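Have a look at the structure below, then the notes.
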Amino acid sequence: MSPYQRLFLMVGADMRHTPAMERAAALAHATGATLHICALVEELDTLGLISGDEHLNQTREQDSRQWLADEATLFHENGIRVSTDVILTRDVLGAALNQVKEIDPDLLIKDVQHEAAYKRLLFTPLDWQLLRECSCPIHLVTAVHCPLPRVVVAAVDPTHPEHPHNDLNETVIQAASELARQCNAELHLLHVCDSAHTHMADFGAGTVTVPGFGSDVRKSIHKVFEQMAARHAVPVERQHFLSAPITRSIADFVAHSRTDVLVMGNHPRKLLERLTGSTTEHLLDHTLCNVLAVKAQA
């Protein structure tokens, strides 16, 4: 039985066929999952400076409904079970989270929303907010080389096996393995050892620095990584153990490999980490990176 029974594709009001839509259609077709597409149209409000906002909002909503109806017809013709909805809202995040609560999807799929750097000084991008607040796994898509992923990479952190959030490694590998199996894709395992200090990566515990990080520690971590790969039957040629600054190294790996989806852990963070972001969030700035973010199982 496929782990994907219900997929939720979140789209905006631009009414165009996007990489996320292509990926969602391919996953729904391959897994037999029901696909729910919801256009979240942000309500225009110019504080009365321009008349006709209500009429313009209604027009945008109607146009979105017609566009989705046309797209749904194409999906149905290709054997995909699909439902659609349009929500006009001033709170896109709240509306998205309500949809997740109502339909209980196995996966939320969305195009990455790139923000100019200056905006991040004032606002938290919607994608970052979804990573922090959404209860289900999120697949954020920038571009697709082929509709179904062919190479799925699980990014793990074996540096602190005793850490209470270490079960996130298993959740990440399980999610990556299930996606790879459904798509007949290769499963790879990736860990990046920072040459200056070790990290708890994206496990939500902040950064744990170990002074004097040397070859002995690196060898010990590598051994744990190899044991993890062996438990999940990941062959040597699909194991990637890198030494470099974490975010840059992962982004470079994705850019220069055949990676279609990078599966990473995601966990609620404290105030400081909410302000500075996380490895997963900052990787969204790299346009070649399609991320599947999963939380530790309760």
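The values are calculated or read from the model by the stated rules, or taken from the named source; none is laboratory data. All figures in this text were calculated on a predicted structure; none of them were measured in a lab. Positions of Cβ are backbone-derived with ideal geometry, glycine not excepted, and every protein chain shown enters the neighbour counts. The protein model used for the area step is the full one, side chains on, heavy atoms only, and it has no ligands, DNA or RNA in it. Shrake-Rupley method; radii C 1.70, N 1.55, O 1.52, S 1.80 Å.
Among 93-103, 135-145, sorting by the average number of other beta carbon atoms lying within 10 angstrom of each residue, highest first, gives 135-145, 93-103. Between residue 256 and residue 135, what FRET efficiency follows from the Cβ-Cβ distance if R0 is 45 Å, with the result rounded to 0.05? According to the calculation, E is roughly 0.85.
Length available on full extension from residue 5 to residue 74: 0.36 nm per residue minus the Cα-Cα distance, which gives 22.8 nm. In this view, the solvent-accessible surface of residue 16, computed with a 1.4 Å probe and all protein chains in place, comes to about 130 Å². Taking all protein chains into account, the per residue accessible area for segment 59-119 stands at 55 Å² (1.4 Å probe).
Highest mean packing comes first when the peptides 9-15, 258-264 are listed by Cβ atoms within 10 Å, giving 258-264, 9-15. For residue 14 and residue 101, what is the calculated FRET efficiency with R₀ set at 25 Å and r taken between the beta-carbons, to the nearest 0.05? Working from the Cβ atoms, E equals 0.50.
Between residue 91 and residue 241, the simple label model (points 7 Å from Cα in the Cβ direction) yields a spacing of 4.8 nm.
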